[in-house]
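The structure appears right after this line, and notes come after that.
The values are calculated or read from the model by the stated rules, or taken from the named source; none is laboratory data. Just so we're clear, the structure is a prediction, and the values are computed from it rather than from any experiment. Counting neighbours? That spans all protein chains shown, and the Cβs are built from the backbone with ideal geometry, glycine included.
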């Protein structure tokens, strides 16, 4: 099953804004943007940059917080951030450029370009682009040795950490997000073009797009306006300096550094077909389907979803003390990018980006907790299942909880009849009923439509260990 990617991994404060923006002036909308950001961030802490555009013009730009906390340097619009996995869009476009030039085919197998890669005969380039190749993660010991080195690490050395590990599944049969799959794409770009990955991007993407503040990451090079980065320690209740490890280890899967405005230039170059043809872009931003028609919510370097029914393409990234996210709504021609120089369990940039985009298109999320009687909550209690994996729905202290086998409980808060949002996530759920009004399933989805699953209610009793302990009267 394509498990909800954000349900148990991406923990963040759930924004519950209900702003009505139709008919509002640009000044009123700007005030709502300011209100949303100021409600979540304090001034003398790490912060970020937000940029929103519509019809190719910047309609909102804001820098907030500090670019360097120790030196009390305020954040500026032109600050450079690690954008991490947004890099995958650039790698995908580079591959499509080479396809358009007739230098490779999406159906080509990896061994055609990397003959020494053991599993390459089973994997196509399209498998790598769509995260359906089954490329495994690195061997922990091997990766730890690379991280400990003080010199620059090469791409062949990175690939050596996983090339001899077995595939996670037969290529083309499943979807599983894979950084290492995009490492192989970087190696193919270098092989076919005869240039290093960084040189290829500079010549064929950054310069044509006018991206003057975008770089392939190098921890040793001095980059003007590059932000310091931080991580929030829950145990100490304070921000600490982040350990960004070695940015080149992310290579073609996540090593690009950029600014909010340069990412706007990137989006403009893409949508105007300056870098790849319209047909190539449409393919990259169309959901890839597995055999049998099952969707993956991913194209080539972009996640595919929707905000309140409006189609979106998006991607985010997390690395060391940096987080990033960009969303584009093609129908409304709205682009939103959020870049942070910190990492914390209480904020993720995709949720702010989603809320800002929803406000811009006059479709704000209207999700507020309502009161539901305890006897009604108990009707949802049960064991739910999808592809053999059980989830328990229980009531404890007048609250509904969701728990996947072996994981922590997540609080589910009601916001409408049979509808709940998962506290501290971007996930919503709706219980479905049959003709006799009996609960038969729970449909769970990301509020931006990036992933969804249907959990069928079973007849199994809730295990005693999962029920709340009895208290003395």
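Filtering the stretch 198-220 down to residues that are over 22 Å from the mean Cα position of the chain (by Cα) and within 30 Å of residue 345 (Cα to Cα), which residue is surrounded by the fewest Cβ atoms within 10 Å (Cβ to Cβ)?
220
How many of the residues making up the stretch 363-394 are modelled with pLDDT of 95 or more and under 30 Å from residue 331 (Cβ atoms)?
Qualifying residue count for the region: 0.
Condition check ((1) outside the structural domain of residue 323 (by TED's automatic domain parsing); (2) closer than 21 Å to residue 341 by Cα; (3) part of a strand (DSSP E or B)) across all residues:
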site	(1), (2), (3)
34	no, yes, no
37	no, yes, no
41	no, yes, no
53	no, no, yes
61	no, yes, yes
77	no, yes, no
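Residue by residue, here is whether (1) assigned by TED's automatic domain parsing to the domain that holds residue 431; (2) over 18 Å from the mean Cα position of the chain (by Cα); (3) without any contact (Cβ under 8 Å) to a residue 40 or more places away in the chain holds:
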position	(1), (2), (3)
309	no, yes, no
313	no, no, yes
331	no, yes, yes
337	no, no, no
340	no, no, no
346	no, no, no
349	no, no, no
358	no, no, no
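Have a look at 381, 376 and point out the one that is more than 15 Å from residue 425 (Cα to Cα) and either in contact with a helix residue (DSSP H, G or I) (Cβ under 6 Å, 6 or more places away or on another chain) or in contact (Cβ under 8 Å) with a residue 40 or more places away in the chain (or both).
Details: 376 fails: either in contact with a helix residue (DSSP H, G or I) (Cβ under 6 Å, 6 or more places away or on another chain) or in contact (Cβ under 8 Å) with a residue 40 or more places away in the chain (or both).
Of 381, 376, the one residue that is more than 15 Å from residue 425 (Cα to Cα) and either in contact with a helix residue (DSSP H, G or I) (Cβ under 6 Å, 6 or more places away or on another chain) or in contact (Cβ under 8 Å) with a residue 40 or more places away in the chain (or both) is 381.
Checking residue 125 against (1) under 16 Å from residue 190 (Cα atoms); (2) in contact with a helix residue (DSSP H, G or I) (Cβ under 6 Å, 6 or more places away or on another chain); (3) touching a residue at least 24 places away in the same chain (Cβ under 8 Å): exactly one of these is not met. Which one?
The failed condition is (2).
Okay, residues lined up against (1) closer than 27 Å to residue 331 by Cα; (2) loosely packed, with under 14 Cβ neighbours inside 10 Å:
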site: 41; (1), (2): no, no
site: 44; (1), (2): no, yes
site: 51; (1), (2): yes, no
site: 54; (1), (2): yes, no
site: 59; (1), (2): yes, no
site: 62; (1), (2): yes, no
site: 67; (1), (2): no, no
site: 71; (1), (2): no, yes
site: 74; (1), (2): no, no
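Give the stretch 128-158 a look and list any residue that's over 21 Å from residue 188 (Cα atoms) and free of Cβ contacts under 8 Å to residues at least 40 places away in the same chain, or say none.
Of everything in the stretch 128-158, those that are over 21 Å from residue 188 (Cα atoms) and free of Cβ contacts under 8 Å to residues at least 40 places away in the same chain turn out to be 139, 140, 141, 142, 144, 145, 148, 150, 151.
Given the criterion crowded, with 20+ Cβ neighbours inside 10 Å, in contact with a strand residue (DSSP E or B) (Cβ under 7 Å, 6 or more places away or on another chain) and within 26 Å of residue 299 (Cα to Cα), identify the matching residue among 132, 124.
124
Does residue 159 meet the test of being assigned by TED's automatic domain parsing to the domain that holds residue 110, within 27 Å of residue 295 (Cβ to Cβ), buried (at least 19 other Cβ atoms within 10 Å of the Cβ) and more than 23 Å from the chain's Cα centre (by Cα)?
no
Here is a check on your reading of the model: is residue 230 over 23 Å from residue 97 (Cβ atoms), surrounded by fewer than 22 Cβ atoms within 10 Å (Cβ to Cβ) and in the same structural domain as residue 315 (by TED's automatic domain parsing)?
Judged against the criteria, residue 230 is not a match.
Those residues that are loosely packed, with under 15 Cβ neighbours inside 10 Å and closer than 20 Å to residue 368 by Cα, I need them from the stretch 398-417; list them, please.
398, 416, 417, listed by residue number.
Please work out if residue 267 is under 15 Å from the mean Cα position of the chain (by Cα) and either within 24 Å of residue 359 (Cβ to Cβ) or not assigned by TED's automatic domain parsing to the domain that holds residue 76 (or both).
So residue 267 fails the test.
Looking at the stretch 177-184, is at least one residue surrounded by fewer than 19 Cβ atoms within 10 Å (Cβ to Cβ) and without any contact (Cβ under 8 Å) to a residue 24 or more places away in the chain?
no
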